[in-house]
Structures are given as structure tokens and as C-alpha cells.
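Q: My questions will all concern the structure given below.
Laboratory data are not the source of any read-out in this text; all were calculated from the coordinates shown. What you are looking at is a predicted structure, and each value in this text was computed from that prediction instead of being measured. As a convention, Cβ positions derive from the backbone with ideal geometry for all residues, glycine included, and neighbour counts pool all protein chains shown.
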Amino acid sequence: MQREIDQAYLDHHSTYGGVKEDYFGLLYLMKKFKVSREEAGAQVAFGGNDYGFDAFHFDRDARNLYLFQFKWSDNCALFKDSFKRLIASGMEAVFRGGGDADENEVLRQLRATIRENKKLIERVYVQFVFNGDTARAEGSAVLGAYKEDLENKRYLIHQNLGQDDVEFAVQHTSNKTYKIAGDGPDGPINVFEVEYESPLQATTTDGYTMHVGLTNLADLLRVYRTMGQQLFDRNIRSGLASDKPANRAIRNALRDIVLNNANPSEFVFNHNGITISVERLDVISETNVRLLEPRILNGAQTLTSAAKCADDNAENVVFKQNEHRLRDVKVLARVVCATSQPFITQVTICNNRQNPVNAWNLRASDMVQLELEDRFREELGIFYERQEGAFAAFSRLSPVEREERGIHQNRPIEIRRLAHTLLSTQGEVDKFSRISEVFENEKLYRDTFRETYLGIDPRRILLAYKIQFPLGRVIHNTIEVSAAKFEILRRAKNLIWALIFQALWNHPKLVEYLDLYGTSISVQSTFVDLLNTVVSNRIKPIINEALKRPSYQAKLNSEEFGFFRTNAFFKECMEIAYDRYQWKKYSLTSALAAKQ
């Protein structure tokens, strides 16, 4: 309890130093494992430089080695940096050692404990201890991604201890309820020996490697059958629908090879190949390698199509007799060994450019998107559909299951619509028609999905997001529409959205509007009335005045309406808005600073 931590800090700070929160770990070890203060004190990293863990303990009777990270808070998001340190260097430092001259004494004590008890350790637990709800931690998309990355480091444990059967689990633990989420060690490590002929190798300056060679389809199918969808869980796309031309072509080619004795050697000439990321690649022989924790970055449709071909012919006697011919089907495989998730994401994007996939799907697993998913779920109870088709699958869950996941609204926020929303708040009218480029270009993407947005009240984003739904109706309600004006209105829609945002953010009742309309994705009739008033009384006069300028009159007369989609015209409208109504140009973040 807080008073116990305060007292321990007062009593022992002169001995151990550090900050008050360090004494949470000290007391936790003493109570959980019934050890003395002196023994617990030798196992706690006081004062930082903790490599992602604050303390350790080896339970000799249970044969469990524990690494702990403590946060005296209800907020599980505080564990993000600890996860990143453990993944980037902490696990390496513990189980491989290193040359860090500044490493703390607790890290040296931990390595000594591991050396002395190698034959005794049967399980390794990394536990993140805090005062909050463990279900919330387990439901976090961000922590889930980090947890998987950390679990993939188990090979370091196996190498150090010389035993592949040592279990490894990453858990969230509540100091208040004693509940442990993710209780029990996870499944076995995913390691596969596959055929890999004539590999070439390339290396980046950061030490990431890529191996290029030929594997066979039967080995790849074995990996897929074992791992299932987990093989694609870091991919930006899953297998394409089975009726797509590319998938039909793959199935037909394989069917001809197995059933009609077509030449299997031609497959590799007609197929683009696959790209796989792994934690490690070990060369076993000239023709075989071992892949540790493989994930498909590109080529999901190849495996799902091959699996469907086999499933569709499961009752075909001839197919079963000749299925061994799949070992003769060679596939070009690029195997990337890299520890940086941003690097892997970039490789994934580049390797999927040639496929007919929407550009926004390329960013589905980006960390900013995972962070947004957590914020919308936790703060608003809204599902964020960063992956195409994800909301349809979620909707098939029962109401109780949806509520358990923290979702109580029946409409999602969609990644492409959100990008348009953010562009509207930034006044980037010209980028609406280049939305694919926004997701494909790294600078444009980072400028649109700014990390600073993760720190603002998500009601602000939702309020701006909702403008798009009644926008067409609002324009027709407030601006006299004739056949001649139809094309003008179509071209001006995104401009009007951006100006409505500025009108609301300059409105003295913005805080009231956030309370009224910023918590539900449903479009209330009073919200539509508000937009009608804003467009009629503010937006329409601004645009009309801008159109009176000679340069735009000439464009209207020649039916050149493209200027409505330019940042220059938006800027001129904002200049008029300043002169008429003293509007300032706000963004989501600048509004936060101005209004709070």
C-alpha cells in the first residue's frame, strides 16, 4: 500500500537510494517470496538503468526465474517503454551479457544467479506488476504487439540454459487483486527446419540480413499448418479472397502439377515469391536452414491458396497419392532477419507494392495505428478498423463478448476515413485526392498520423471525424443547388469539411460541443442542425467572397473547378475568415494548447 512504500522509502533510502517507486519492488519481493529485506534489496535495481526490468527473483523450490517491472499506477500504458527496452537490449543483456560499462549491479547479480542455477531453472516469467486491471492490459493492441516481440526472444533463454524445453511466459499482474493475466507459460517456440537452396545474403549497415534462395511449397505448407493465422499476424494483409484471379491461378497451377503431372519446375518462373521475417536463421547444411519464429510479410495468398487446393482435394485419391510432388514446387523466398519493427514494416510495405492492395492496409500494423486502437477503445468504447474486414469479424461476436473487449458502440472508426479527417483538420485539402500517396510516402504518412495526436482528448478527433457523414446533406440544405452548381459542390466538399472544423474549433462553445457530440459516433439531429447553421452563416459567406476575386471568376466562367481542391484556396478562405470573424487557424494539437 502507499503508506508502506512511503515508510520503506523513509527507512531505507539512505541504504539503497533510488526513487520512491523502487520500494514498491522491494516490498513486493519481501511479501510474495517471504524473503528478508537484505535479500530482496540485492535483487532490486534502485535508481534506474534497469534494462526494462526492475527486479528479479529465483524461486528454487518452484524452479521459476522471475523478472519484474513495477509501476505504482493503474495505467498499463506506462509499461510500453519497459517492453521496448527489454526487446531492444534487456533480454540480450540478461541472457547473453554485453559490454555495457554502466550496467547495474542487479544485472550482474541476475546473470550470476542464472549461471549458478542453469540446471534447476524450468520456467522463466517476465511479470509487469501494477495497480490496474489486468484485462485492460491484455486487451491492449500495443502491449499485445510488444508481448509477442518479447516472447520471440525465448530462444535467448534456451541458448543460455542449453535447454529447449524451458518454458517462458510474459504476464500482467495486479498488485490490488493479485490476478495474473496470461497465466501459465505460452506454447512452444516456433522453429522449423526447411529446405533452402543456394541462398545469397545481403546485410544493412545496422546488421540486418536478408537471405535469398529457393525453398519448397511442401515445407511452407507445413509451417502454415502448424502456425495458422499466427504466421500472418504481423502482416498488413491476409490471404486474398479465394475467388480472386491470383488465387485461382495458383490453385489451378498446383492442381495441374499434382493431378495432371504438369512440370513443377515452371512454378517458380511464374511466381513472385514470398518474403519472411524471422528472429534468427541458422544454416544447417548447404540445402537446409532452421527458421526461428517466422512471419509472412508478403505471400500470404500463396500459402492460403495452396492450403485451400489441398483441402478441396482432400477426398481425391489421386491428389493424395501425388501430394508429395509439392516438394518439387520451388518458391523464391527472401528471409529477413531484423529486430526493428519499423524496419520490418517498411520491408512489408515495399514488398506489397506490386499487389492489388489498398495503400492504407499497408499501415495496419504500424505502432501509431495500434496506439489509436487502444485510445478509441479505452476512452470512447469504439472499434478502430485499422485492418480491412476486422469490424465484420468483430460484429459476429456476442454482445457480451463485445462488451468484454471494451466496445459498446456499433459503428467503427475506419483508417482511411480517419486519414481524411486528420487531413481536414490540418487544412491539407490537396491531399484528399492523393490518399494512397499519403499512406505510401513515409513523410506524408508521419505528417498525417502525428504522434502528438496520441496525447490529445480523443473526443476532438471523433468530433472532427463525424463531420463527414452528414456533410453532403448539410451542403444541399444550406446552399441552393442547381444542375450548374452540382459539379462545384462536388469539388468543394472537402474544402467545406476543413472550414467546418475551423469554425467549430474557433467557436466559444467548443468544450460544450465536445461533451455533446464527442463521445458517440452516432450522428445526432442536433449535430446536423449545428452544421447547417455553421455552413449557412459562416462557410457560405466566406466561399462566396473568395469566389468574387477576379482570378476565380475567370476559372468559374471557364468551368475550371479544380482550385476548390487546393491548399491555396483554403488559405484564402481562412484569410477572409480572419478578417470577418477573427478565426485563427487551429489544428487538433494547437486547439488543445489554446483551450486548456
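Q: Given that compact globular proteins tend to follow 2.2 N^0.38 Å, what is the ratio of the alpha-carbon Rg of the range 403-519 to that value?
A: So the range 403-519 has a normalised radius of gyration of 1.16.
Q: For the residue pair THR566 and ALA392, what label-to-label distance in nm results when each label sits 7 Å from Cα along the Cα-to-beta-carbon direction?
A: For THR566 paired with ALA392, the spin-label model returns 4.1 nm.
Q: Looking at the square roots a ≥ b ≥ c of the eigenvalues of the Cα gyration tensor of the range 21-113, which shape do they give, rounded for a/c under 1.5, prolate if a/b is larger than b/c, or oblate?
A: oblate
Q: From the helices alone, meaning DSSP H stretches of at least four residues, give me the mean residue ellipticity at 222 nm for the chain, per-run term -39500 (n - 2.57), in deg cm²/dmol to the nearest 500.
A: -13500 deg cm²/dmol
Q: Can you give the three extents of the C-alpha atoms in the range 366-595 along their principal axes, from longest to shortest, in whole Å?
A: In descending order, the Cα extents are 59, 37, 37 Å.
Q: Let me ask something else about it. What per residue convex hull volume, in Å³, do the alpha-carbon atoms of the range 362-445 yield?
A: Looking at the range 362-445, the number lands at 98 Å³ per residue.
Q: Contour minus end-to-end for ARG3 and GLN159, with contour as 0.36 nm per residue of separation and end-to-end as the Cα-Cα distance? Walk me through the numbers before you get to the answer.
A: Values: separation 156, 0.36 × 156 = 56.16 nm, distance 4.27 nm.
Result for the pair: 51.9 nm of gain on full extension.
Q: How long are the semi-axes of the equivalent ellipsoid of the range 493-573, taking √(5λ) for every eigenvalue λ of the Cα gyration tensor, in whole Å from largest down?
A: 29, 12, 11
Q: Using alpha carbons only, how many degrees (0 to 90, rounded to 10) separate the axis of helix 415-426 from the longest principal axis of the chain?
A: The angle comes out at about 60 degrees.
Q: Further, regarding this structure: If you find the alpha carbon centre of the range 545-574 and of the range 1-16, how far apart are they in angstrom?
A: 68 Å
Q: Ok, one more. How far is it, in nm, from the label point at ASP312 to the one at GLU286 when both lie 7 Å from their Cα along the line to the Cβ?
A: With each label point 7 Å from Cα toward Cβ, the separation is 3.9 nm.
Q: Relative to the present Cα-Cα distance, how much length would full extension add between ARG405 and SER558 at 0.36 nm per residue of separation?
A: 49.6 nm
Q: Would you mind working out the magnitude of the charge dipole of the range 2-181 relative to its Cα centre, with +1 at each Lys and Arg C-beta and -1 at each Asp and Glu C-beta, to the nearest 20 Debye?
A: Charge dipole of the range 2-181: 300 debye, to the nearest 20.
Q: In the range 50-80, which residues have a backbone nitrogen under 19 Å from the label point lying 7 Å from VAL19's Cα in the Cα-to-Cβ direction?
A: Answer for this model: 50-56, 68-80.
Q: Test of understanding: express the Cα radius of gyration of the chain as a ratio to 2.2 N^0.38 Å, with N the residue count.
A: 1.15
Q: Here's something else I'd like to know. Over 29 Å apart: what share of the alpha carbon pairs of the range 2-181 falls there, rounded to a whole percent?
A: 16 percent
Q: Calculate, for GLU138 and VAL212, the FRET efficiency according to 1/(1 + (r/R0)^6) with r their C-beta to C-beta distance and R0 41 Å; round to the nearest 0.05.
A: 0.60
Q: Select from the range 259-359 those GluC sites (Glu not before Pro) which occupy a DSSP coil region and have at most 12 other Cβ atoms within 10 Å, ordered by residue number.
A: GLU286, GLU315
Q: Testing the spin-label approximation: label points 7 Å from Cα along Cα→Cβ at SER198 and ARG491. State their distance in nm.
A: Each label point lies 7 Å from its Cα, and together they span 5.7 nm.
Q: If you take the beta carbon distance between LYS119 and SER590 as r and set R0 to 60 Å, what does 1/(1 + (r/R0)^6) give as a FRET efficiency, to the nearest 0.05?
A: It comes to 0.50.
Q: Next question. Just to check I understand the Karplus step: with θ = phi - 60° and J = 6.51 cos²θ - 1.76 cosθ + 1.60, what whole-Hz values come out for the range 210-226, glycine and proline as x?
A: Karplus-based 3J(HN,Hα) across the range 210-226 equals 10, 10, 10, x, 10, 10, 10, 5, 4, 5, 5, 4, 4, 4, 5, 4, 6 Hz.
Q: Only Lys, Arg, Asp and Glu count, each charged at its Cβ (+1, +1, -1, -1), so figure out the dipole size of the chain about its Cα centre, rounded to 20 debye. Provide the component values of the computation, followed by the final result.
A: Working: 78 positive and 79 negative charges, 383 e Å.
Taking the Cα centre of the chain as origin, the dipole is about 1840 debye.
Q: State the extension gain, in nm to one decimal, for the chain segment bounded by GLN321 and SER551, taking 0.36 nm per residue of separation less the distance between their alpha-carbons.
A: Fully extending the segment from GLN321 to SER551 adds 75.2 nm.
Q: Further question: Calculate one ³J(HN,Hα) per residue across the range 62-72 by plugging θ = phi - 60° into the Karplus curve 6.51 cos²θ - 1.76 cosθ + 1.60, and present them in order as whole Hz with x for glycine and proline.
A: 7, 6, 10, 9, 10, 10, 10, 10, 10, 9, 7
Q: Compute the long axis of helix 525-534 from its Cα atoms, compare it with the longest principal axis of the Cα atoms of the chain, and write down the angle in degrees, 0 to 90, nearest 10.
A: The angle comes out near 60 degrees.
Q: What number do you get for the range 191-357 when its Cα radius of gyration is normalised by 2.2 N^0.38 Å, N = residues?
A: For the range 191-357, the normalised Cα radius of gyration is 1.01.
Q: What FRET efficiency comes out for the pair LYS443/ARG222, r = Cβ-Cβ distance, R0 = 41 Å, nearest 0.05? Provide the component values of the computation, followed by the final result.
A: Details: r = 41 Å, r/R0 = 1.00.
So the FRET efficiency works out to roughly 0.50.
Q: Among VAL318, VAL166, VAL278, rank each residue by its count of other Cβ atoms within 10 Å, from fewest to most, as a rough exposure measure.
A: VAL318, VAL166, VAL278
Q: So, one more: In whole Hz, what ³J(HN,Hα) sequence does the range 498-515 give by Karplus (6.51, -1.76, 1.60; θ = phi - 60°), x for Gly and Pro?
A: Each residue of the range 498-515 in turn: 4, 6, 4, 4, 4, 5, 5, 6, 8, 7, x, 9, 4, 4, 5, 5, 5, 5 Hz.
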